[in-house]
Amino acid sequence: AEIISTASHFCGWESGKRFEELIQKVGASEPEAPHCEVLFIALKPEARGKGIGESLLKPVLNYADTKKFGCYLVSSNSRNISFYERYGFQQFSPIEISDSYSMTGMWRDFVN
């Protein structure tokens, strides 16, 4: 609720409402098993390919492995799927956002 309120404050009520709908659709596809979750990784195009994404992702994966939890994320861009697959994620569920846009839920089992 706080995130939606903040989005509404900065982007307007309509944007806050769309964000709330997005969160509900994404949340409905989330695995029920206890897990760690990568919420957002976003890089400007000029920052890509420099190891920044890996440096943001690795601490979460290390923590999940230490605690013996799977890890879940939602890829909002199909071009990023191969990046996540390099770290052991597999496509888990398609998430239809609209008739013309979908996201991909991805799961990674913990590594001993």
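The values are calculated or read from the model by the stated rules, or taken from the named source; none is laboratory data. Being a predicted model, the structure only gives us computed values, none of them experimental. Cβ atoms come from the backbone with ideal geometry, glycine included; neighbour counts cover every protein chain shown. Quick note on the areas: whole protein, heavy atoms, side chains included, nothing else; ligands and nucleic acids left out. Shrake-Rupley method; radii C 1.70, N 1.55, O 1.52, S 1.80 Å.
Full extension of the chain segment joining residue 97 with residue 44 gains 16.8 nm, where the gain is 0.36 nm per residue of separation less the Cα-Cα distance. Cross-link partners of residue 17 among lysines, defined as those whose alpha carbon lies under 28 angstrom from its own and excluding same-chain residues fewer than eight positions apart: 25, 44.
By how many nm would the segment from residue 76 to residue 109 grow when fully extended, if each residue of separation counts as 0.36 nm and the alpha-carbon distance is taken off?
On the way: separation 33, 0.36 × 33 = 11.88 nm, distance 2.05 nm.
Taking residue 76 through residue 109 to full extension adds about 9.8 nm, to one decimal.
Think of the chain as a dipole: +1 on every Lys or Arg Cβ, -1 on every Asp or Glu Cβ, centred on the Cα centre; then among 74, 61, 22, 61 lies furthest on the positive end.
Relative to the longest principal axis of the Cα atoms of the chain, helix 2-11 runs at roughly 60 degrees.
Matching the structure-derived log10 I(q)/I(0) by the Debye sum over Cα atoms at q = 0.12, 0.16, 0.21 Å⁻¹ against the labelled list (i) -0.68, -0.89, -1.07; (ii) -0.48, -0.84, -1.23; (iii) -0.40, -0.68, -1.10 gives the label (ii).
Name all residues of the stretch 77-112 having a backbone nitrogen under 18 Å from the label point set 7 Å from the Cα of residue 11 along its Cα→Cβ direction, giving them as ranges. Residues 77-78, 96-104 fall inside that zone.
Which loop trypsin sites (Lys or Arg not before Pro) in the stretch 7-112, with loop taken from DSSP, have no more than 16 other Cβ atoms within 10 angstrom of their Cβ? Could the numbers behind the result be given before it?
Details: sites: 17, 18, 25, 48, 50, 67, 68, 79, 86, 108; in loops: 48, 50, 68, 86.
Here the trypsin sites (Lys or Arg not before Pro) that fit, given the DSSP loop and packing criteria, are 48, 50, 68, 86.
Taking the longest Cα principal axis of the chain as reference, the axis of helix 13-28 is set at about 40 degrees. A Gaussian network model of the chain, with springs between Cα atoms under 10 Å, assigns the largest mean-square fluctuation among 45, 31, 94 to 45. Heavy atoms of the protein chains alone define the surface here; on that basis the chain has 70 Å² accessible area per residue at 1.4 Å probe size. When the accessible area of the chain is split by element with a 1.4 Å probe, what percent falls to carbon and sulfur? On the chain, the fraction of accessible area on carbon and sulfur atoms equals 53 percent.
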